[in-house]
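See structure below.
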Amino acid sequence: MFHKDNPEYNRRQIGFYTLDELVPKDHFLRKVEETIDFSFIYDVVEDSYSSDNGRPSLDPVLLVKIPLIQCFYGIRSMRQTIKDIEVNTAYRWFLGLSLDDKVPHFTTYGKNYSRRFQNKELLAHIFSHVLHHVLEAGLIDPSEIFIDGTHIKAAANNHKYKNVVVDQKAKFMSEQLDVEINLDRKKHAKKFLKPAKKGEAKSKKQSTTDPDSGWFHKGEHKEVFAYNAQVACDKHGWALAYTVEAGNIHDSQAFPALFAKLEPFSPEFIIADSGYKTPSIAKFLLEKEITPVFPYTRPRGKRGFLRPKDFVYDEHFDCYLCPENQVLTYRTTTREGYREYKSDPKICKTCPLLAICTESRQHQKVVVR
């Protein structure tokens, strides 16, 4: 009998229920349990356990399911996750714990996880296993793949670091770019450029608590140690691949490792934001017969001056025509891969549009392509 005026009476009622009865039939964790057979995890971690010595350890499936709960429900920390599991019957049901079973302390969980799984890429195994089943079910359409990067703050003290000297990382496809630049210069009867000097080694901050993270400038003021996570998904939202780099690695530098995981899907389009919009990535994808889809950037010019679109490129003669129908001829191909086209200063000196065309002291307009 329900006593509305005596809640304490209701709290002390004794009933006979199974844990399964306390979990709604349409609960999300039921769907996860029905869909995924987690027993494969035992095979993945088999060499981390001994069957004939040592104290009984935590079930490896339990160790994997706990962070899944944290991820599914956006719980802010493992300490809070453990607290929620203690009082949530659905969580206990998912983990295979009875109402009497003690939930492992968060420090016990952390030690077990790091000792047994930290260097085994266990999460990558789980990701691949689930993705394989999704592919088999025909739920993925890899013809259009969307990629993006996000920075994740590292669990590292910003004041605990050391300065280390590191060599600058070469840009993506830099060697091929050097070859093509010299071929273009040869085509225009220009001398080959001498090999570029290696970039000077630079000093950077390295966290002493998390050396794998990178010093990341977030906006104008915020600076933190972080990671740069790159994720790719199809148009239905299924994650197809991911990579994790240090926070000071630019999206364009992280792209090659991510694409290596995407190439087996044979995509027709790669859709990405401006962080990936570089000539080398565009060329790389086009050569593989993949169409890159990047945001359009309107050519900018100085306010009050002629705009870049006012100068028309003539592909046949490889030159530019200005609004006064004067020719800007090819002069050189720079080390960065740009062609430079320059006007004749003698003609520009008396041009009526000079004041809104260039501020050059030599009265010469330069257009780069």
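Note on the chain: GNM, Cα springs under 10 Å; of 114, 266, 213, the largest mean-square fluctuation is that of 114. A Gaussian network model of the chain, with springs between Cα atoms under 10 Å, assigns the largest mean-square fluctuation among 261, 186, 277 to 186.
Looking at region 144-293 alone, DSSP beta bridges between its own residues are antiparallel in about 80 percent of cases.
Arrange the following residues from fewest to most other Cβ atoms within 10 Å of their Cβ: 167, 148.
Details: 167 10, 148 15.
The fewest-first ordering by Cβ neighbours comes to 167, 148.
When the charge dipole of region 178-279 is built from unit charges on Cβ atoms (+1 for Lys and Arg, -1 for Asp and Glu) and taken about the Cα centre, the candidate among 208, 236, 195 whose Cα reaches farthest toward its positive end is 195. Whole-Hz Karplus values for region 288-302 come out as 9, 6, 10, 7, x, 10, 10, x, 6, 10, 5, x, 9, x, 6 Hz, taken residue by residue from phi with 6.51 cos²θ - 1.76 cosθ + 1.60 and θ = phi - 60°; glycine and proline positions read x.
Given contacts defined as C-alpha pairs under 8 Å and at least six residues apart, what's the relative contact order of region 144-293, whole-number percent? Write out the running numbers ahead of the final one.
Values: 242 pairs, mean separation 44.8, N = 150.
Across region 144-293, relative contact order equals 30 percent.
Taking chymotrypsin sites (Phe, Trp or Tyr not before Pro) across region 157-193, the ones in a DSSP loop with at most 11 further Cβ atoms lying within 10 angstrom of their Cβ are 192. Here, region 308-368 is characterised by an Rg to Rh ratio of 0.95, where Rg is the alpha-carbon radius of gyration and Rh the Kirkwood radius. Computed on region 243-365, with alpha-carbon pairs under 8 angstrom and 6+ residues apart, the relative contact order is 13 percent. Cβ-to-Cβ counts within 10 Å put 166, 44 in ascending order as 166, 44, the fewest first. 3J(HN,Hα) along region 128-138, derived from phi through the Karplus expression 6.51 cos²θ - 1.76 cosθ + 1.60 where θ = phi - 60°, amounts to 5, 4, 5, 4, 4, 5, 5, 5, 4, 7, x Hz, with x in place of Gly and Pro. Phi-derived couplings, Karplus 6.51 cos²θ - 1.76 cosθ + 1.60 at θ = phi - 60°, listed residue by residue for region 236-244: 8, x, 6, 6, 9, 6, 8, 9, 10 Hz, with x used for Gly and Pro. Entry note, region 7-128: relative contact order of 31 percent, from Cα contacts under 8 Å with a spacing of 6+ residues. Between residue 241 and 232, the built amide H atoms are under 5 Å apart, and every one of these is 5 or more places off in sequence or on another chain. Amide H contacts under 5 Å for residue 291: 269, 270, restricted to partners 5 or more places along the chain or on a different chain, H placed in the peptide plane at 1.01 Å from N.
Taking only the C-alpha atoms of region 144-293, the Rg (one decimal) and the largest Cα-Cα distance, Dmax (whole number), read 18.2, 56 Å.
Nearest 500 deg cm²/dmol is fine: what mean residue ellipticity at 222 nm does the chain get from its DSSP H runs of n ≥ 4 alone, each adding -39,500 (n - 2.57), divided by its residue count?
On the way: 12 runs with 114 residues, N = 369.
It comes out at -9000 deg cm²/dmol, rounded to the nearest 500.
Taking amide H atoms as placed 1.01 Å from N in the peptide plane, the amide H of residue 225 lies under 5 Å from those of 154, 216, each 5 or more residues away in sequence or on another chain. Counting beta carbons within 10 Å around each of 250, 159 and listing the fewest first gives the order 159, 250.
Expressed in Å, the radius of gyration and Dmax of the Cα atoms of region 7-128 are 16.1, 52.
Give the dimensionless ratio obtained when the Cα radius of gyration of region 72-193 is divided by 2.2 N^0.38 Å. Walk me through the numbers before you get to the answer.
Numbers: Rg = 25.3 Å, N = 122, 2.2 N^0.38 = 13.7 Å.
Expressed relative to 2.2 N^0.38 Å, the Cα Rg reads 1.85.
Computed from the coordinates by the stated procedures, all read-outs in this text should not be read as laboratory data. Bear in mind the structure is a predicted one, so any value in this text is a computation, not a measurement. Counting neighbours? That spans all protein chains shown, and the Cβs are built from the backbone with ideal geometry, glycine included.
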